[in-house]
Amino acid sequence: MTKAQAKTQGTPAPQAETELALQGAWRVVVLNDPVNLMSYVVLVFKKVFGFDEQTARRHMLEVHEQGRSVVWSGLREKAEAYAFTLQQWHLTAVLESDEAH
Amino acid sequence: MKRIEVKLALPVVAPLLDVIKGMADSLRRNLAAPLGLTDLDAEFGSAWTDELMAAQNEDVQTLLALFNDEFFADGVIAFDEGNAEQIVRATAAVRLRLREYYLKPLGDETLESGNVELEQLDEPLRKAFMCYLFLATIQELIIQHLDSSILES
């Protein structure tokens with residue numbers, strides 16, 4: 001179902017909109033912190049996302065230099081699982097809906 | 001099993017342990033990094049936090065267990081595949097807590113660069129910063145020598 005269909009099919013619109021929002025693409029964004037070592041962040045990216053060294057370093061440098069890096073995008077449920085795992089490794093991650101961009 | 005033993009200078013490290021234990025106590029009640037997801041429903045968010053806290057506490061206990069009788073006898077601590085991952089996470093947690101409790105006056109840029117004149121710091125701040133550096137050294141050692149164990153576990 002598209003978002004337009006959800007809006008025209010009546011009640012319960014708020015619930016339908018919520019479900020649709022959760023079904024769309026979500027970005028996992030890692031935010032910079034001044035504490036965690038660069039080598040640690042690279043290790044976490046390799047461990048959590050299976051990145052190779054070069055990709056992990058690129059994302060780490062993005063976080064370091066730009067304050068944030070989009071490390072994954074896809075369904076909300078999996079994005080939440082990644083955010084949880086990053087939190088276990090003490091990196092700060094937020095989820096952003098692709099529709100917001 | 002790959003194992004690293006590190007001999008530490010007891011007179012330098014032992015005085016830092018009280019600070020590390022204080023941060024460990026504080027981590028019993030607080031997540032080291034702020035919860036990034038604020039739109040979780042209350043019940044789910046609470047379950048999430050409980051699970052994260054339990055894992056964090058387990059990691060921190062593994063870190064504290066390094067400083068056992070063997071350490072106080074000869075200054076040796078040991079890392080292997082069995083504790084590397086938990087210790088690397090615990091050191092990150094304690095370092096984040098040290099920033100919250102003690103190191104914010106230094107400013108984030110200074111903290112990131114590490115350019116600090118230790119002699120110019122007052123005693124509590126100097127001790128906290130030494131802990132911060134000590135834990136970073138442990139982390140670097142593990143990442144340098146046991147990263148494959150962590151990645152494959």
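The values are calculated or read from the model by the stated rules, or taken from the named source; none is laboratory data. The structure displayed is predicted, hence computed values, not measured ones. Heads up, the Cβs are rebuilt from the backbone with ideal geometry, glycines too, and the neighbour counts pull from every protein chain shown. The area values use the complete protein model at the heavy-atom level, side chains included, leaving out ligands, DNA and RNA. Shrake-Rupley method; radii C 1.70, N 1.55, O 1.52, S 1.80 Å.
When the residues of region A:77-101 are narrowed to those that are more than 10 Å from every other protein chain (Cβ to nearest Cβ) and among the charged types (D, E, K, R), which ends up farthest from A:G50 (Cα to Cα)?
If we take residues in region A:77-101 being more than 10 Å from every other protein chain (Cβ to nearest Cβ) and among the charged types (D, E, K, R), then A:E99 is farthest from A:G50 (Cα to Cα).
Cβ-Cβ distance below 6 Å, separation of 6 or more or different chains: which pairs start in region B:22-38 with a residue that is facing chain A (nearest Cβ under 7 Å) and free of Cβ contacts under 8 Å to residues at least 24 places away in the same chain and end on one that is open to solvent by less than 30 Å² (accessible area, probe 1.4 Å) and in a loop (DSSP other than H, G, I, E, B)?
What qualifies is B:G36/A:T92.
Name the single residue that is farthest from B:I87 (Cα to Cα) among those in region B:119-133 being within 13 Å of chain A (Cβ to nearest Cβ) and aliphatic (A, V, I, L, M).
This residue is B:A128.
Would region B:45-64 turn up any residue that is without any contact (Cβ under 8 Å) to a residue 24 or more places away in the chain, away from chain A (no Cβ under 12 Å) and surrounded by 14 or more Cβ atoms within 10 Å (Cβ to Cβ)?
Checked against the condition, which is being without any contact (Cβ under 8 Å) to a residue 24 or more places away in the chain, away from chain A (no Cβ under 12 Å) and surrounded by 14 or more Cβ atoms within 10 Å (Cβ to Cβ), region B:45-64 yields no hits at all.
Let's see how each residue does on (1) open to solvent by 20 Å² or more (accessible area, probe 1.4 Å); (2) under 30 Å from A:V94 (Cα atoms); (3) out of contact with any Leu (no Cβ under 9 Å at 6 or more places or on another chain):
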residue	(1), (2), (3)
B:K2	yes, no, no
B:K7	yes, no, yes
B:P11	yes, no, yes
B:D18	yes, no, yes
B:S26	no, yes, yes
B:N30	yes, yes, yes
B:T38	yes, yes, yes
B:D41	yes, yes, yes
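Name the helices (runs of 4 or more DSSP H) wholly within region B:1-82 that hold at least 3 residues that are under 17 Å from the mean Cα position of the chain (by Cα) and either modelled with pLDDT under 95 or within 30 Å of B:P124 (Cβ to Cβ) (or both)?
Per the criteria, B:17-27, B:42-64.
So which residues in region B:134-153 are assigned to a helix (DSSP H, G or I), farther than 24 Å from B:G114 by Cα and at the interface with chain A (Cβ under 9 Å from one of its Cβ atoms)?
B:I150, B:L151
Could you give every pair whose Cβ atoms fall below 7 Å, whose first residue belongs to region B:102-123 and is more than 23 Å from B:A24 (Cβ to Cβ), and whose second residue is of a type in the set (D, E, K, R) and not in a loop (DSSP other than H, G, I, E, B), counting only separations of at least 6 or pairs across chains?
B:L118/B:R126
Among the residues of region B:94-109 satisfying the criterion of being more than 9 Å from chain A (Cβ to nearest Cβ) and farther than 22 Å from A:W89 by Cα, which is surrounded by the most Cβ atoms within 10 Å (Cβ to Cβ)?
B:L106
Please specify each residue of region A:53-66 satisfying the condition of being open to solvent by 30 Å² or more (accessible area, probe 1.4 Å) and either within 11 Å of another protein chain (Cβ to nearest Cβ) or small (G, A, S) (or both).
A:E53, A:H64
Any chance you could count how many residues in region A:68-88 are loosely packed, with under 15 Cβ neighbours inside 10 Å and over 17 Å from B:A55 (Cα atoms)?
Final tally of qualifying residues: 5.
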